[in-house]
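Chemist: Once you've had a glance at the structure underneath, I'll fire off some questions.
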């Protein structure tokens with residue numbers, strides 16, 4: 001149903017970003033969004049599950065209601081095998097690896113990766129991670 005045909009306060013999910021594109025937003029188990037402003041002209045104001053308010057084209061479609069299975073995140077994983085069945089691979093620490101695999105790897109016994117002989121915390125690609133070093137892409141300069 002198009003957003004233009006819905007009223008204020010309607011609980012919705014599976015929202016399109018562009019008309020005719022198919023649902024892209026609010027699709028996870030137990031989630032929902034809310035229409036905050038009457039879809040009068042071109043855009044409709046929607047509050048996302050995170051609390052962010054977003055303007056979306058009124059011609060976009062959405063489904064009324066909440067996505068089912070709200071207790072999806074409450075499951076307890078009993079053992080490591082449960083995670084494997086879900087397709088989640090184990091996370092191996094850098095210090096448990098060999099020097100060819102990670103900057104923290106190698107050494108006799110429990111060796112240090114920082115201090116006098118180490119180079120501090122590093123990513124698997126050798127970039128520093130702590131101490132204010134920016135690991136993500138740099139912000140655009142104004």
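None of the figures in this text is laboratory data; all of them are computed from the coordinates on show. The shown structure was predicted, so the numbers you read here are calculated from the model rather than taken from an experiment. Cβ atoms come from the backbone with ideal geometry, glycine included; neighbour counts cover every protein chain shown.
Chemist: Can you compute the FRET efficiency between residue 48 and residue 93 using 1/(1 + (r/R0)^6), with r the Cβ-Cβ distance and R0 = 35 Å? Round to the nearest 0.05.
Modeler: That gives a FRET efficiency of 0.50.
Chemist: While we're looking at this one, here's another question. Could you order peptides 72-81, 42-51 by the average number of other Cβ atoms within 10 Å of their residues, highest first?
Modeler: My ranking of the peptides, most packed first, is 42-51, 72-81.
Chemist: Roughly what percent of Cα-Cα pairs across the stretch 3-64 reach past 19 Å?
Modeler: Above the 19 Å cut-off, the stretch 3-64 has 15 percent of its Cα pairs.
Chemist: Restricting to DSSP H runs of at least four residues, report the calculated mean residue ellipticity at 222 nm for the chain, -39500 (n - 2.57) per run over all residues, nearest 500 deg cm²/dmol.
Modeler: Mean residue ellipticity at 222 nm (helix-derived): -1000 deg cm²/dmol.
Chemist: Distance in nm between label sites at residue 133 and residue 108, each 7 Å beyond Cα in the beta-carbon direction?
Modeler: 2.8
Chemist: Ranked highest first by average number of other Cβ atoms within 10 Å, how do 102-110, 86-94 line up?
Modeler: In decreasing order of mean packing, 102-110, 86-94 become 102-110, 86-94.
Chemist: What FRET efficiency comes out for the pair residue 28/residue 119, r = Cβ-Cβ distance, R0 = 41 Å, nearest 0.05?
Modeler: So, using R0 = 41 Å, E works out to roughly 0.55.
Chemist: Given an 8 Å cut-off on Cα distances and at least 6 residues of separation, report the relative contact order of the chain as a percent.
Modeler: Numbers: 234 pairs, mean separation 24.9, N = 142.
Value for the chain: 18 percent.
Chemist: Here's a follow-up. Using per-residue counts of other Cβ atoms within 10 Å, averaged over each peptide, order 126-133, 24-31 from highest down.
Modeler: Peptide ranking by packing, descending: 24-31, 126-133.
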